[in-house]
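Colleague: Can you keep this structure in mind? I'll have questions shortly.
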Amino acid sequence: MRPAHTSLRSLAVVAASVLSVGALAACGDSSSSSSSSDAPKLTKQTQLKDPTSPVTLHYVGAAYPAKAYKPVFAAFEKAHPNIKIDYQEVPQDQLNNVLTNRISGSDIDIFDVDMPRVAAYNARGWLTDLTPAFGNLDGKIDKASLDASTVDGKLVGMPLQTSEQLLYYNKKLLKKAGIPDPSADPTQRQTWEEVVADAKKAQAAGAKDGLLLDQYDTYYQLQPLAMSAGGGAGAKGAGNLTPDITNAGWQKAMSWYGGLFADGVSPRGLKGSDTPAEFASGKLAYYVGGPWWAPQFEGE
């Protein structure tokens, strides 16, 4: 992002969260599930071998729907006939609560871990050191993803995916307001304030709403605002487990962000799941969201 003095700054593409797959040191067979306290733990001498009797691994995830995973699990089960995957899909915003409520019952073996929660989950004893099982992965996996899944030199999750955020804009609404399309040149990227100024122009020219973030109430998307204002990641200390959201940068960013709703630039009353449709309807000038929405927005 280009310097903007003390201004909040914008990215056309914002690097966001890394998702890992974590594993408890437990696994259940077809008839029962052992507790995490007496389950076998990986050691430096661990040699992974297929089980000689049927085993079911219970996987709770939110990254992909069950339909998308089906061919992956089918291929895995074909290669490892004594292992079955029981995948339970949960909404992303409910994953943390589901894990908190169910892990103590030992009926989860594998689960998705959002990158900001890796250190916290590890501190709770929810994650297993996977280093002996996978060895040195340097150069084999994206370094940032690997670092995000590593705590105190131990691999505690397998990187599954990374995501990015794009600034979508409605060309028709911008043209109507006499606003040029945002540049794709990184040296010409706009500040957040400049985007909002153009959003207001688009509204004055007929756009119902000016700017909206996809996950408008989640840390996932709001963190870049505070970081660009000098507020940091929102946590500090050992393992980043101490909240740090009351510093000047965070207060500035969140006051600015709240002003978008107070001034009517961003719409109120929407559910998080409704935000893509708001842009796809052609009534919104700017939308910050993931690349997975592009097919739905084609032609806007």
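Colleague: How far is the Cα center of region 75-144 from the Cα center of region 174-202, in Å?
Modeller: Here the two parts' Cα centres lie 40 Å apart.
Colleague: Could you work out the equivalent-ellipsoid semi-axes for region 218-300, taking the square root of 5 times each eigenvalue of the Cα gyration tensor, largest first, in whole Å? Present the calculation step by step, with values, prior to reporting the outcome.
Modeller: On the way: eigenvalues 168, 49, 21 Å².
Result for region 218-300: semi-axes of 29, 16, 10 Å.
Colleague: With θ set to phi - 60°, apply the Karplus curve 6.51 cos²θ - 1.76 cosθ + 1.60 along region 207-213 and write out the HN-Hα couplings as whole Hz, x wherever there is a Gly or Pro.
Modeller: Result, ordered by residue: 5, 5, 10, x, 8, 8, 8 Hz.
Colleague: Pairs of lysines 8 or more apart, or on different chains, with alpha carbons under 26 Å: count those in region 116-222, would you?
Modeller: 15
Colleague: I would also like to ask the following. Could you size up the charge dipole of region 112-167 around its Cα centre, putting +1 on the beta carbon of Lys and Arg and -1 on that of Asp and Glu, and report it in debye to the nearest 20?
Modeller: The dipole of region 112-167 has a size of about 120 debye.
Colleague: Note down the magnitude of the dipole of region 79-152 about its Cα centre, charges +1 on Lys and Arg C-beta and -1 on Asp and Glu C-beta and zero elsewhere, to the nearest 20 debye. Let's see the in-between values first.
Modeller: Values: 6 positive and 12 negative charges, 20 e Å.
Charge dipole, region 79-152, about its Cα centre: 100 debye, nearest 20.
Colleague: A further question on this structure: Per-residue accessible area for Asp93 at 1.4 Å probe radius, Å² rounded to 10?
Modeller: Surface accessible to solvent at Asp93 totals approximately 130 Å².
Colleague: Let me test this: with uniform point scatterers at the alpha carbons of region 161-272, what is the Debye-based log₁₀ I(q)/I(0) at q = 0.13, 0.15 1/Å?
Modeller: -0.58, -0.75
Colleague: Residue farthest toward the positive end of the dipole of region 55-197, with Cβ of Lys/Arg at +1 and Asp/Glu at -1: which of Leu174, Val55, Ala74?
Modeller: Ranked along the dipole, the leading option is Leu174.
Colleague: Starting at the first residue of region 276-291, write each ³J(HN,Hα) from the Karplus equation 6.51 cos²θ - 1.76 cosθ + 1.60 with θ = phi - 60°, in whole Hz, x for Gly and Pro.
Modeller: Once rounded to whole Hz, the list reads x, 5, 4, 6, 4, 6, x, 9, 10, 6, 10, 9, 9, x, x, x.
Colleague: Then there's this: Write down the radius of gyration of region 122-204 and its Dmax, each obtained from C-alpha positions, in Å.
Modeller: Expressed in Å, the Cα Rg and Dmax of region 122-204 come to 21.4, 60.
Colleague: Using the beta-carbon distance between Ala197 and Lys143 and R0 = 30 Å, what value does 1/(1 + (r/R0)^6) give for FRET efficiency, to the nearest 0.05?
Modeller: Working: r = 37 Å, r/R0 = 1.24.
It comes to 0.20.
Colleague: Measure off, as a whole percent, the carbon and sulfur share of the 1.4 Å-probe accessible area of region 113-188, all protein chains present.
Modeller: Carbon and sulfur together cover 51 percent of it.
Colleague: Oh, and also: Do you know the relative contact order of region 169-295, to the nearest whole percent, from alpha carbon pairs under 8 angstrom that are 6+ apart?
Modeller: Relative contact order, region 169-295: 32 percent.
The values are calculated or read from the model by the stated rules, or taken from the named source; none is laboratory data. This is a predicted model, so every value here is computed, not measured. When we count neighbours, we look across all protein chains shown, and the Cβ atoms used for this are built from the backbone with ideal geometry, even at glycine. Ligands, DNA and RNA are excluded from the accessible area calculation, which covers all protein heavy atoms including side chains. Shrake-Rupley method; radii C 1.70, N 1.55, O 1.52, S 1.80 Å.
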